[in-house]
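First the structure, in the form of C-alpha cells, and then the observations on it.
Please treat every number below as a calculation from the coordinates, not as lab data. These numbers come from a predicted model, not from an experiment. Here the Cβ positions follow ideal geometry from the backbone for every residue, glycine too, while neighbour counts run over all protein chains shown.
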Amino acid sequence: MNSSLIYLIVMKTLADTDIYQTKTNDQCLSQTLFDLIIILEKFLLENNPNDFYAKLLLVCLYNSIGAALSSHNLYKLLEIKLIQNDTIGIGFDNYLL
C-alpha cells in the first residue's frame, strides 16, 4: 500500500474523530484508535519499517490511548535531532505528566 494513502486514511479518520472526547462513544473511539494503530503497525512491518511519519503518527496515537511506554520506545527510535526534539517534545511531554 502507498504511504500517502495510509497517511490520508489515518489523518481523515482523526479529523472526523475527536480523539480527546469523553462522552458516550468511548468504546467506539477506542476501537477506532486501535484500528488506526494496527493499520500503521502493519504498514511499518510490511512496507517500510523506517517511515518517519508513520512512526510519528503512531507516537501520537499511543499517547492518545495512554500507552506512554510504547510511545516513548517508538519516540527513541525516531532518532530526532536536538532542534526537532524541542519542537516535537512539547507535545510528547504533556502525556508523561
Net +/- balance of residues flanking L5 in space, Cβ distance below 14 Å, scoring K and R +1, D and E -1
0
Scoring only Lys, Arg, Asp and Glu (+1, +1, -1, -1) among other residues with Cβ under 12 Å from the Cβ of A54 yields -1
Between S70 and L45, what is 0.36 nm times their sequence separation minus the Cα-Cα distance? Round to one decimal in nm.
7.4 nm
